[in-house]
Amino acid sequence: MKHAIVFGGTGMLAGATKWLINNADHISVIGRNKHRLEQLYPGHDNSDLRLVALDYKDNEALSHFLRKTIQTYGPIDLIVSWIHSIASDAIPIILDELTHQKRPWRFFHIKGSSDDLPSILGEYTVPWNCLYRDVQLGFKIEEDVSRWLTHEEISNGVISAIHYDKKQTIVGTLYPWSTRP
Ligand SMILES: NC(=O)c1ccc[n+]([C@@H]2O[C@H](COP(=O)([O-])OP(=O)(O)OC[C@H]3O[C@@H](n4cnc5c(N)ncnc54)[C@H](OP(=O)(O)O)[C@@H]3O)[C@@H](O)[C@H]2O)c1
């Protein structure tokens, strides 16, 4: 992976982001909180890692960031997107900004919601050059008791999806949906 971007890469995806930092030539990690970003890699002086404090609800800032990073570091190979649905423009902007890229790129779309199964299962229409990879976050059932996934389980699921380049990954289970915690 030459050029990667992780949206929402602190929090539950921190483990997957750290793995990507070690496996991508150049990576940008997006979140709003600078301190949380810096905790991913304290004291780093790695010029191939950019910790970008950006609100993905800010459409102009998002477009500007994407154009600038492509201009400076070349075509994007991989995007991991943990973008909340309230930012309804963010994913369309990402797809649009990359439409003209000649090289195909992989889009790992992380989807999880405690009350909206259709949004987890929903399909996405993407441009020709986008290799869509669906990562659905479910829950676990252990000894008849259900629970949500841990951060480690979520990050490991995302790492596995990227490593094996799976078109669809379900972390945990989604069924029976009524038995979720
Ligand atoms: N199926 C499951 O088990 C499941 C599924 C989903 C979530 N969860 C759980 O729910 C918890 C909460 O999830 P969460 O998504 O709120 O927390 P999270 O994954 O811990 O954090 C969300 C990530 O997105 C970033 N972010 C949020 N809004 C942003 C914005 N407008 N612009 C740029 N970056 C933004 C956050 O950084 P900043 O805050 O710095 O911006 C952070 O990196 C998780 O910790 C996880 O355990 C479980």
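Every number in this text was worked out from the coordinates using simple rules, so none of it is lab data. Predicted, not measured: the structure shown is a model, and the values here were computed from it. Note that we place each Cβ from the backbone using ideal geometry, even for glycine, and neighbour counts take in every protein chain shown.
Among LYS18/LYS167; LYS102/LYS167; LYS34/LYS57; LYS57/LYS167; LYS34/LYS166; LYS2/LYS140, which pairs are too far apart, with a Cα-Cα distance over 25 Å? Numbers along the way, then the final one.
Details: LYS18/LYS167 22 Å; LYS102/LYS167 21 Å; LYS34/LYS57 17 Å; LYS57/LYS167 27 Å; LYS34/LYS166 31 Å; LYS2/LYS140 34 Å.
Checking Cα-Cα distances, LYS57/LYS167; LYS34/LYS166; LYS2/LYS140 exceed 25 Å.
What are the principal axis extents of the Cα atoms in the range 3-179, in Å, biggest first?
Cα extents, longest axis first: 51, 38, 30 Å.
What shape does the range 20-97 have by the C-alpha gyration tensor, where a ≥ b ≥ c are the square roots of the eigenvalues, rounded means a/c under 1.5, and otherwise prolate means a/b greater than b/c and oblate the rest? Write out the running numbers ahead of the final one.
Working: a/c = 1.89, a/b = 1.32, b/c = 1.44.
Oblate, since a/c reaches 1.5 and b/c is not below a/b.
Please work out the C-alpha center-to-center distance from the range 1-65 to the range 120-156 and express it in whole Å.
Going from one Cα centre to the other spans 20 Å.
Using the charge dipole of the chain (Lys, Arg: +1 at Cβ; Asp, Glu: -1 at Cβ; taken about the Cα centre), state which of GLY157, VAL145, GLN71 has its Cα farthest towards the positive end.
Selected residue: GLN71.
For the chain, calculate the relative contact order in percent as a whole number, restricting contacts to Cα pairs under 8 Å that are 6 or more residues apart.
Details: 312 pairs, mean separation 36.1, N = 181.
Dividing the mean separation by the residue count of the chain yields 20 percent.
What residue among ASP144, ASP25, ASP96 shows peak mean-square fluctuation when the chain is described by a Gaussian network model with Cα springs under 10 Å?
Largest GNM mean-square fluctuation: ASP144.
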